Amino acid sequence: MKQYILLAFLFSGSTGFAQDSLSKYTEVWSPVPRVVTAGKTSTDPPSDAVILFRNKKDTANWQQDNGKPFAWKADDSLITVTSGGAIRTKQSFGDCQLHIEWRTPAEIKGNGQGRGNSGIFLMSRYELQVLDSYNNPTYSNGQAGSIYKQHIPLVNACRPPGEWQSYDILFTAPQFYADGSVKNPARITVFQNGVLVQNNVEIIGGTRYIGIARYEKHGEKAPLLLQDHGNPVSFRNVWIREL
Ligand code: MG
């Protein structure tokens, strides 16, 4: 920085030609960012996205977490939690940009954690909560948009039950030393319906329902997992970009 200040001082008041030459010191021409064709809208997958679910045939990208074939209800453009437990992608991911849309049931049943509960588990371990948090009090670090039992969302951006909502997620995977200790914890940024709810927060460890979250060493990539919490939550338009 010092040299730039000195150069700016020397050239101040000089000709336009000299200033053009000076400006070249701060031009960087390489690397050239590769071209990605954006979707027609920000919810459509860009050209380099991995499509995880857009229509029924994409259920082939998923399996039950117990290794059995996909068993949730699948309609043309959405999947719905039924029985059979969580589902996970067959492909594994680390650092990523994830778009996912979800809908809690229009018919309100239950309350608190029992209403429209599901979850998006990055790397099968770190839960971004899915819940009907529209006029449905529960503990703040367990409502929709929370990193479950770790980070309260900045605001409640929930739409009413029965309406589609979106999460746009930027996730940085944790890094570990060979001895299993944490080199860099995971980080996550989340927009819910276009509203920032998590701003580059540090994930404390793997999600735990009871007890304090903690890290256990794992690989650089792991499947994305969607929770079966016994409520018929639906998902659609799921795509991911590896970073
Ligand atoms: Mg959940």
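The values are calculated or read from the model by the stated rules, or taken from the named source; none is laboratory data. Quantities reported herein were computed from a predicted structural model and do not represent experimental measurements. Cβ coordinates were reconstructed from backbone atoms using ideal geometry, including for glycine residues, and neighbour counts include every protein chain displayed. Surface accessibility is based on the protein's heavy atoms, side chains included, excluding ligands, DNA and RNA. Shrake-Rupley method; radii C 1.70, N 1.55, O 1.52, S 1.80 Å.
Values as computed for the structure displayed
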{"item": "Whichever aspartates and glutamates have a C-alpha closer than 18 Å to that of residue 57, once near sequence neighbours (fewer than 8 apart) are set aside", "result": "44, 75, 76, 101"}
{"item": "Charged-residue dipole, Cβ positions (Lys, Arg, Asp, Glu), the chain about Cα centre, Debye nearest 20", "result": "320"}
{"item": "Candidates 57, 24, 40: whichever shows maximal mean-square fluctuation once the chain is modelled as a Gaussian network with Cα springs under 10 Å", "result": "24"}
{"item": "Residues of the chain: accessible area per residue with a 1.4 Å probe, Å²", "result": "54"}
{"item": "Loop-located GluC sites (Glu not before Pro) in region 156-243, at most 12 other Cβ atoms within 10 Å (DSSP)", "result": "163, 216"}
{"item": "5 Å-binned pair-distance histogram of the chain (Cα, whole percent)", "result": "1, 6, 12, 16, 16, 14, 9, 6, 5, 4, 4, 3, 2, 1, 0"}
{"item": "Residue with peak Gaussian network fluctuation, the chain [Cα springs, cutoff 10 Å], from 21, 166, 92", "result": "21"}
{"item": "Region 170-243 - Debye-derived log10 I(q)/I(0), Cα point model, q = 0.13, 0.20, 0.23, 0.25 Å⁻¹", "result": "-0.52, -1.16, -1.34, -1.38"}
{"item": "Carbon/sulfur fraction of accessible area - the chain, other protein chains in place, 1.4 Å, %", "result": "55"}
{"item": "Selection from 25, 133, 165 lying farthest towards where the dipole of the chain points positive, charges on Cβ", "result": "133"}
